[in-house]
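First the structure, in the form of structure tokens, and then the observations on it.
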Amino acid sequence: MSPTTPDQSTTSEAEQRVLRTVRGDVREIAAYEVYAQAGAIKLDAMESPYGLPQDVRDQVATAVREVEFNRYPDSAPAALVAQVRRAFGVPAEAGLLFGNGSDELIGMIVQATCAPGDVVLTPWPSFVFFELAARFHHARFVPVPLREDLQLDLEATLAAIAAHRPKVVFLAMPNNPTGGLWPREAVRAILAAAPGLVIVDEAYQAFTDETWMPQAAHAPNLGVLRTLSKIGLAGLRFGYLAAHPAWIRELNKVRPPYNIDSVTLAALAVVLANKPALDEQAARVRAARPALAAALGAMPGTTVFESAGNFLLARFARGGDAVFQALKARNILVRNFSGAHPLLANCLRISIGSPDENAALLAALNEILIA
Ligand SMILES: *Cc1c(COP(=O)(O)O)cnc(C)c1O
């Protein structure tokens, strides 16, 4: 959005006031960017390659027509809470909190737990929003480096927990962007050692059998976070947190009123009634993973890390930036992590697409790396 330019004196006065008024750490960071390239094959954001089936779209349209747009929404209606519990196996004893995307819940978790200077700890590299949420809420962010093989360094994690006494530990499982799952014994050890809340972020749970959901409410300091974004509903903005009701009661206090809007609520009820269609799409993506990983791994100078998500992290001896640009020039967008962290040198994160998209990716890489 570029407005027409205001006059010069207003601009310089505004810039000076921004400098005096906006937090220095906010001025220093870049806004979260969404890359758009017309007609590109989009393998950069772990979106589902599949759209909602037409009959489900029609049902959504009918439901949205009935929305009372003049009324504030009930952002956690009992019927929808029950539907989410059934659809995703949330234990009856667990409390549930809805968020406008799981990003909103991550922010609420830090906001409700951390006074300025309190610690948010996470294995690193991991999901960038853990760091942003910590910084926005004046918490101290303690990243614990993964091992060279991008697996969890449990010893270092436990030592950091003992040293920093974090209010919150975030464990993305599968981890974004590396794709790994942390062993159950490791998570158990972290739960036992952590003095505060441990959030297992299962954004990619649909692509693995592993889950901590049955333990939500049975461990005193476990929260299980999920989102619908990676299973075909990134445009809807809906996430949920399951934890012992004692946690949910407090976290709910910092929830922005009416955080889930009426259109989302209406669409969600329809989509969840058609959950087998989403499951089937996720299963197709998951089924494509081994062959794509093998084909990528067979390319010269390419290392693929084992992934339990709907994406693969690959390291290119040819150079991550070079391969990223060459793919982009062929209208294929992936995510470049080359410069993000030393452990991710020359790494690109590639979402698993439709069979056609995956074939186009491999053909392009074949040109770039071999021909
Ligand atoms: C994508 C992602 C999210 C964000 O999900 P939204 O619901 O779209 O906000 C949360 N956690 C992890 C680990 C992710 O990769």
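Key figures
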{"item": "Odd one out for G196 among (1) crowded, with 24+ Cβ neighbours inside 10 Å; (2) in contact (Cβ under 8 Å) with a residue 60 or more places away in the chain", "result": "(1)"}
{"item": "Whichever residue in the range 1-44 is basic (K, R) and outside any loop (DSSP other than H, G, I, E, B) and, among such residues, is nearest to F129 (Cα to Cα)", "result": "R27"}
{"item": "Wholly within the range 235-348, strands (runs of 3 or more DSSP E) carrying at least 1 residues that are in the same structural domain as Q111 (by TED's automatic domain parsing) and surrounded by fewer than 18 Cβ atoms within 10 Å (Cβ to Cβ)", "result": "none"}
{"item": "Strands (runs of 3 or more DSSP E) within the range 127-225 that include 2 or more residues over 28 Å from P245 (Cβ atoms) and either within 21 Å of the chain's Cα centre (by Cα) or hydroxyl-bearing (S, T, Y) (or both)", "result": "140-145"}
{"item": "Lone qualifier among A94, A134 - being within 16 Å of the ligand (Cβ to nearest atom) and surrounded by 20 or more Cβ atoms within 10 Å (Cβ to Cβ)", "result": "A134"}
{"item": "Filter result for the condition that a residue is within 11 Å of the ligand (Cβ to nearest atom), assigned by TED's automatic domain parsing to the domain that holds K253 and surrounded by fewer than 20 Cβ atoms within 10 Å (Cβ to Cβ), over V81, V128", "result": "V128"}
{"item": "Number of the condition not met by A82 [criteria: (1) under 23 Å from the mean Cα position of the chain (by Cα); (2) outside any loop (DSSP other than H, G, I, E, B)]", "result": "(1)"}
{"item": "Members of the range 109-123 that are more than 12 Å from the ligand (Cβ to nearest atom), outside any loop (DSSP other than H, G, I, E, B) and either hydroxyl-bearing (S, T, Y) or surrounded by fewer than 24 Cβ atoms within 10 Å (Cβ to Cβ) (or both)", "result": "Q111, A112, T113, V119"}
{"item": "Selection within the range 57-74 - of a type outside the set (S, T, Y) and outside any helix (DSSP H, G or I)", "result": "E66, V67, E68, F69, N70, R71, P73, D74"}
{"item": "The range 117-143 residues that are on the phi > 0 side of the Ramachandran plot, paired with ones that are not small (G, A, S) (beta carbon under 8 Å, 6 or more apart)", "result": "G117/H138; G117/R140; H138/C114; H138/P116"}
{"item": "Positions within the range 268-286 being within 21 Å of the chain's Cα centre (by Cα) and of a type in the set (G, A, S), in sequence order", "result": "A282, A283"}
{"item": "Among the candidates S75, S9, S102, residue that is over 22 Å from the mean Cα position of the chain (by Cα) and over 21 Å from A277 (Cβ atoms)", "result": "S9"}
{"item": "Qualifying positions in the range 185-237 - near the ligand (Cβ under 9 Å from one of its atoms) and charged (D, E, K, R)", "result": "D201, E202, R226, K230, R237"}
{"item": "Qualifying residue in the range 45-56 (condition: part of a loop (DSSP other than H, G, I, E, B), touching a strand residue (DSSP E or B) at 6+ places or on another chain (Cβ under 7 Å) and more than 16 Å from the ligand (Cβ to nearest atom))", "result": "no"}
{"item": "Residue match in the range 214-236 (condition: of a type in the set (D, E, K, R) and either over 27 Å from L158 (Cα atoms) or touching a Gly at 6+ places or on another chain (Cβ under 8 Å) (or both))", "result": "yes"}
{"item": "Residues within the range 142-186 that are in contact with a strand residue (DSSP E or B) (Cβ under 7 Å, 6 or more places away or on another chain) and of a type in the set (A, V, I, L, M, F, W, C), tallied", "result": "14"}
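The values are calculated or read from the model by the stated rules, or taken from the named source; none is laboratory data. Only a predicted model underlies this, so the values are computations on that prediction, with no experimental measurement involved. Note that we place each Cβ from the backbone using ideal geometry, even for glycine, and neighbour counts take in every protein chain shown.
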